[in-house]
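The values are calculated or read from the model by the stated rules, or taken from the named source; none is laboratory data. Only a predicted model underlies this, so the values are computations on that prediction, with no experimental measurement involved. Backbone-built Cβ (ideal geometry, glycine too); neighbour counts: all protein chains shown. Side chains included, ligands, DNA and RNA excluded: accessible areas come from the protein's heavy atoms. Shrake-Rupley method; radii C 1.70, N 1.55, O 1.52, S 1.80 Å.
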Amino acid sequence: MIFINNQPFKIEDGMTVKQALDLFGAILPYAVLHNGDFLPQSKQAETLLSNKDVLEVISAIQGG
Amino acid sequence: MNSSLNIYGTPLTSRLFIGSALYASPKIMLDSIQASGAEVVTLSLSRQNPEANGGQAFWDYIKSLGLHLLPNTAGCHSVKDAVNMALMSRELFETDWIKLELVGDDYNLQPDPIALVKATETLIHQGFKVLPYCTDDLVIARHLVDLGCEVLMPWGAPIGTGKGILNPYALQAFRDRFPETTIVVDSGIGLPSHATQALEMGVDAVLLNTAVAKANNPVLMAQSFAKAIEAGRGAYLAGPMAERNTASPSTPTIDSPFWHQS
């Protein structure tokens, strides 16, 4: 079990960040925090997840 | 009349930076931004909700404008949060510009000056072009410039208040102490006359959002700001008259029909 945007999310052993986000339904373009640290797009397909990992999927919004 | 503004080597014609938040609808946002003539638009980041299409519609609208993007770090309270936000913004928006906001007090959203300097140092080392949102404190500003900031963004008044330039003396001192630095007044502007005042003082540009987005007619207000900023810049370049304490007739009175030499 991991957490994506504060929601519990079930994963299988050996799953990468990219695979989990695809299952979550994340829509490109997005940026990712993995356990509180920025994870570049180039690393998302190779970074393995562990139990209780926390992902934040971030995208553009209005700002001042 | 309006000589070019330069932001980290990028020349700009408009001296108005505009925000993309708080508009009643996407159409009003787009129409207002276009009416303002701004070439720089600010935006931010938030957790994605795939059920709401991940904010894709907003992103498509903003891209369609073809403007320079200035992502902010709004809502960040720590150096780590701000740096992470900047790194994500650079990847998403493909720009190394970052409007660095680090809240130090939730009452007036005043920037945390210590964290601001630390985050600026980290981000500049990582290749960012930092536009720090700061107060009008000259000492903090000196640290930011010494770290490599070519742009400073002092507040006029707290964010969203629309109170205008609360401390004109401090802002003028800011301008005078950093003559080689681009100064953009960020926050507190409520009326076009506030923007004119800033430009008349020699400030290079203003960044605003709420004043346009929350106007009864945002498009008309955006146009009004554009004119006000042009007027302020023109007045600064023209050089104002010296203020006097006593009256001085503008019409020559010598040899007028009613003139009597005593």
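Filtering region A:19-38 to residues that are closer than 29 Å to B:Leu100 by Cα and surrounded by fewer than 19 Cβ atoms within 10 Å (Cβ to Cβ) leaves A:Ile27, A:Leu28, A:Pro29, A:His34, A:Asn35, A:Gly36, A:Asp37. Scanning region B:135-177 for residues that are of a type in the set (Phe, Trp, Tyr) and within 20 Å of B:Thr122 (Cα to Cα) returns no hits.
Mind checking which residues of region B:82-112 are touching a strand residue (DSSP E or B) at 6+ places or on another chain (Cβ under 7 Å) and over 18 Å from B:Ser44 (Cα atoms)? Residues satisfying the conditions are B:Gly104, B:Gln110, B:Asp112.
Scanning region B:58-82 for residues that are within 15 Å of B:Pro132 (Cα to Cα) and part of a loop (DSSP other than H, G, I, E, B) yields a count of 6.
Residues in region B:29-57 that are of a type in the set (Lys, Arg) and more than 8 Å from every other protein chain (Cβ to nearest Cβ): there are none.
Scanning region B:97-114 for residues that are over 21 Å from B:Tyr8 (Cα atoms) and open to solvent by 10 Å² or more (accessible area, probe 1.4 Å) returns B:Val103, B:Gly104, B:Asp105, B:Asp106, B:Tyr107, B:Asn108, B:Leu109, B:Gln110, B:Asp112, B:Pro113, B:Ile114. For region B:82-104, what are the residues that are acidic (Asp, Glu) and facing another protein chain (nearest Cβ under 9 Å)? Listed by number, the list holds a single entry, B:Glu91. For region B:124-146, enumerate the residues that are more than 27 Å from B:Val212 (Cα to Cα) and open to solvent by less than 50 Å² (accessible area, probe 1.4 Å). Matches in region B:124-146: B:Ile124, B:Gly127, B:Phe128, B:Ile140, B:Ala141, B:Leu144, B:Val145.
Say whether the condition of being more than 10 Å from every other protein chain (Cβ to nearest Cβ) and touching a Ser or Thr at 6+ places or on another chain (Cβ under 8 Å) is met by at least one residue in region B:18-28. No, region B:18-28 has no match at all.
Listed here are the residues, each with its yes/no results for (1) modelled with pLDDT of 95 or more; (2) part of a loop (DSSP other than H, G, I, E, B); (3) surrounded by fewer than 18 Cβ atoms within 10 Å (Cβ to Cβ); (4) touching a helix residue (DSSP H, G or I) at 6+ places or on another chain (Cβ under 7 Å).
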residue: B:Met1; (1), (2), (3), (4): no, yes, yes, yes
residue: B:Tyr23; (1), (2), (3), (4): yes, yes, no, yes
residue: B:Ser32; (1), (2), (3), (4): yes, no, no, yes
residue: B:Ala38; (1), (2), (3), (4): yes, yes, no, no
residue: B:Ala52; (1), (2), (3), (4): no, no, yes, no
residue: B:Gln56; (1), (2), (3), (4): no, no, yes, no
residue: B:Asn84; (1), (2), (3), (4): yes, no, no, no
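For region B:202-258, a residue qualifies if it is of a type in the set (A, V, I, L, M) and over 21 Å from the mean Cα position of the chain (by Cα), and the qualifying residues are B:Ala238, B:Met241, B:Ala242, B:Ala247, B:Ile254.
Search region A:39-61 for residues being closer than 13 Å to A:Lys18 by Cα and in a loop (DSSP other than H, G, I, E, B), and hand back the single one that is most open to solvent (accessible area, probe 1.4 Å). Ranking the qualifying residues of region A:39-61, first place goes to A:Glu46. Among the residues of region B:218-230, none qualifies, meaning not one is outside any helix (DSSP H, G or I) and surrounded by fewer than 23 Cβ atoms within 10 Å (Cβ to Cβ).
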